[in-house]
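This report refers to the structure that appears directly beneath it.
The values are calculated or read from the model by the stated rules, or taken from the named source; none is laboratory data. No experiment lies behind these values; they were computed from the predicted model shown. Cβ coordinates were reconstructed from backbone atoms using ideal geometry, including for glycine residues, and neighbour counts include every protein chain displayed. Note: accessible area is taken over every heavy atom of the protein model, side chains too, but ligands, DNA and RNA are not part of it. Shrake-Rupley method; radii C 1.70, N 1.55, O 1.52, S 1.80 Å.
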Amino acid sequence: MERTEILPRLRGVLEESSTQPIDWSRLSEETTVESLGFDSLSILDVLYGIEQEFDVELDAGDVMDLKTVGELVTLLAERAAAA
Amino acid sequence: MARRVLITGLGILSPLGADEDEVWRRLVDGETGIAPLTSFDTEAFPSPYKVKMAAQVDDELVADGLQAMGRRSMDRALDLAMVAGDRALRQAGLIGDAPYEPRDVPTIIGTGTGSAQSIYEAFQRFTAKGPKGLLPSTVPRVMYNAISANLSMHFKLTGANYVVISACTSSANAIGDAFKRVRNGEAEIAVTGGTEGCLDPFFYGVWNNIGVLSSNPDPSLVCRPFDAEREGTALGEGAAIFVLESEESASRRGATVRGEILGYGESSDASHITGPSAEGQAVAIRRALDSAAVEPSALGYVNAHGTATRANDTTESTAIRLALGAAADTIPVGSNKSYIGHTLGASGALEAAVTVLALERNEVPPNFNLRNPDPDCRVRLVGSEAEPLERPLAIKNSFGFGGGNGVLVLGAYPGGA
């Protein structure tokens, strides 16, 4: 799976899981995870949404230390390559 | 000896607003909070809604309140309770700037339809996508006790937290429960009240078809309690949260006292799931007066359940007469539902809040749209103008589907606000 393919699909998942007034069209690999404003409850929905979208299994530990959306894209690309 | 239970904090989020002076002004001026429904598009469904009126809370009030608390919107009933709770605890002087210190305070909240909005949204996802559409956060959102739990977590209240669900008696039961805990010495302070966020397409639709909602298109005539031409009630949303406190604790803290809860009575009709019983209601009123150790003649105001349905108003009038005897000839009886609609599980709390405002101001709010009193409602109804409160003691009646009845006795506190 190409990186360029991952970002738009990820954008869809994040948008659906968020209640924040964020301009999702500006989401890029440089966007920080912190700026997306997920809390302990909505992050569960994000992880679940990513699992459904990309057919992977994640736990909170996998994504806890990620700083940017780009790092998340890398993680998903690695998982896709390993599958 | 039973301890005195004072009200040291009150937060209102109602279709008449959140500012107490503004709420009171609208009550006295006869300005209803009922208006055409805007919480969703009633035209967006395969069949029409019969009724399109409701008493809604201003969305901006809720959004501003949540923002000031640093919280996101989660669920309508929860959001309303959070903002009202913040106002109540702040007024009581129990919170200032965060972070808050943990306090051993129970949180007991009444609600009828609970997390209705979250349940509706979860069902929509389920219908669209099946089980995979159900997000992990669904459980902590749809569980009814999310309301009391989030209050407890946000304000660091470490006593018991739970919700009471008994239809339109919910918050009277919740306040009664909290009252008993403080009176008996189990708690020094309790956070209680009620919330209702029932104006989603599903729950609003459910109420549309039960035959108790008025379809009058004039907001000021939708809900006319005790009027011979009443056509039914209107649904409303809102929350009122109380801080109840023992007299000792309030005095120790130098808290401002808003009023007092002197007694509480409850009963069940044990007869019909939706039909009320005057006898059952009268028992609850008598028990409330006994609990407060006051005679009917000491009352200055009956804040009625007064739903403006055919069944309620005549039955309640009979119950008031049965319970109060000859005193029912002179004690003014009023309902707030012509202003705020029927806020279901929050109605007991919101209308108890109005009762506190009335006791503080020595005035009884009007039945603003009462034109032709129903001759079968043989009680002394307040007219379309406010009137002086003769005695600083009132009862707040709450009756619900399921036959549960809850009655609070509220009084002015000498030297209070």
Worksheet item: Picking from B:Ser271, B:Ser291, B:Ser317, B:Ser267, which residue would you name as being under 17 Å from B:Asn405 (Cβ atoms) and part of a loop (DSSP other than H, G, I, E, B)?
Response: B:Ser271
Worksheet item: Condition test on B:Arg321, is it modelled with pLDDT of 95 or more and within 14 Å of B:Ser267 (Cβ to Cβ)?
Response: no
Practice prompt. Quick one: which residue in B:Pro276, B:Pro332 is buried (at least 19 other Cβ atoms within 10 Å of the Cβ), of a type outside the set (Phe, Trp, Tyr) and at pLDDT below 95?
Written response: B:Pro276
Worksheet item: Can you pull out the residues in the range B:375-396 that are under 21 Å from B:Thr32 (Cα atoms) and either open to solvent by less than 50 Å² (accessible area, probe 1.4 Å) or assigned by TED's automatic domain parsing to the domain that holds B:Asp218 (or both)?
Response: B:Leu381, B:Val382, B:Gly383, B:Ala386, B:Glu387, B:Lys396
Worksheet item: Looking at B:Ala116, B:Ala84, which one is under 19 Å from A:Leu41 (Cα atoms), small (Gly, Ala, Ser), buried (at least 23 other Cβ atoms within 10 Å of the Cβ) and more than 14 Å from chain A (Cβ to nearest Cβ)?
Response: B:Ala116
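With the condition being in contact with a Pro (Cβ under 7 Å, 6 or more places away or on another chain) and not assigned by TED's automatic domain parsing to the domain that holds B:Glu385, I'd like the strands (runs of 3 or more DSSP E) fully within the range B:29-114 carrying at least 1 qualifying residues.
Hits in the range B:29-114: B:34-36, B:53-55.
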Practice prompt. Need at least 2 residues that are modelled with pLDDT of 90 or more and open to solvent by less than 90 Å² (accessible area, probe 1.4 Å) per element, so show me which helices (runs of 4 or more DSSP H) inside the range A:1-68 make the cut, counting only ones lying wholly within it.
Written response: A:3-17, A:42-54
Worksheet entry | Test set (1) farther than 29 Å from B:Asp58 by Cα; (2) in contact with a Lys or Arg (Cβ under 8 Å, 6 or more places away or on another chain); (3) assigned to a helix (DSSP H, G or I) - B:Glu351 fails condition number | (1)
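Give the residues of the range B:42-54 that are open to solvent by 90 Å² or more (accessible area, probe 1.4 Å) and out of contact with any Ser or Thr (no Cβ under 7 Å at 6 or more places or on another chain), sorted by residue number.
Of everything in the range B:42-54, those that are open to solvent by 90 Å² or more (accessible area, probe 1.4 Å) and out of contact with any Ser or Thr (no Cβ under 7 Å at 6 or more places or on another chain) turn out to be B:Glu43, B:Pro46, B:Pro48.
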Worksheet item: Of the residues B:Ser14, B:Ser39, which single one is touching a residue at least 40 places away in the same chain (Cβ under 8 Å), open to solvent by less than 40 Å² (accessible area, probe 1.4 Å) and among the polar types (S, T, N, Q)?
Response: B:Ser14
Discussion item. Considering only the range A:60-72, I want to know if a residue exists there that is over 18 Å from B:Thr138 (Cα atoms), polar (S, T, N, Q) and either free of Cβ contacts under 8 Å to residues at least 12 places away in the same chain or within 14 Å of chain B (Cβ to nearest Cβ) (or both).
Written reply: no
Discussion item. Which count do you get for residues in the range B:95-112 that are open to solvent by 10 Å² or more (accessible area, probe 1.4 Å) and under 17 Å from B:Val163 (Cα atoms)?
Written reply: 1
Worksheet entry | Residue satisfying all of: in the range A:11-57; touching an Asp or Glu at 6+ places or on another chain (Cβ under 7 Å) and within 12 Å of chain B (Cβ to nearest Cβ); nearest to B:Arg141 (Cα to Cα) among these | A:Ser17
Discussion item. Any residue at all in the range B:126-136 that's touching a residue at least 24 places away in the same chain (Cβ under 8 Å) and either of a type in the set (Val, Ile, Thr) or over 22 Å from B:Gly11 (Cα atoms) (or both)?
Written reply: no
Worksheet item: Restricting the search to the range B:55-81, which residues are closer than 19 Å to B:Glu121 by Cα, buried (at least 17 other Cβ atoms within 10 Å of the Cβ) and within 14 Å of chain A (Cβ to nearest Cβ)?
Response: B:Met74, B:Asp75, B:Arg76, B:Leu78, B:Asp79
